[in-house]
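**Student:** Supplied in structure tokens, the structure appears directly below.
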Amino acid sequence: MNDLIRVADMLEIMQMRSDDGNLIPFSITFVTANKKEGTGGQRISYEAAVLYGFAKSNSTIRNPAHHANYTRNLVGVGTNEIRKFHPLLVEYFNGKTVIL
């Protein structure tokens, strides 16, 4: 059986940085969902990913409202693919089962 991790603890770990200031990569599996389009249900996994753009943005072009929509962006290590995910739809984080 996998160890368990709470969503709040997962989000804290995602923001951790190494001694050199870089974000520490994590593994993650989550399910997609798009309420507006009525799509989702696809399981996505990354062996190594880091959060992307989680600091406050000064951009006036578009505000993704991550806090209000409870979403985050990640990027796979070694790729340029930025992916939005819902923390409540994460199934596994660093080999642990995610619980509320």
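**Student:** Sort the following peptides by mean Cβ neighbour count (other Cβ atoms within 10 Å, averaged over residues), highest first: 41-47, 8-14, 88-94.
**Tutor:** For the peptides 41-47, 8-14, 88-94, the packing ranking is 88-94, 8-14, 41-47.
**Student:** For Tyr92, enumerate residues with amide H under 5 Å from its amide H, sequence gap 5+ or separate chain, H modeled in the peptide plane.
**Tutor:** Thr29, Val98
**Student:** Identify all aspartates and glutamates with a Cα-Cα distance to Lys96 below 18 Å; exclude those on the same chain that are fewer than 8 residues away in sequence.
**Tutor:** Cross-link targets: Asp3, Asp9, Glu12, Glu47.
Every read-out reported here was derived from the displayed coordinates using simple, explicitly stated rules and does not represent laboratory data. Because the structure is predicted, anything quoted here is derived from the model rather than measured. When we count neighbours, we look across all protein chains shown, and the Cβ atoms used for this are built from the backbone with ideal geometry, even at glycine.
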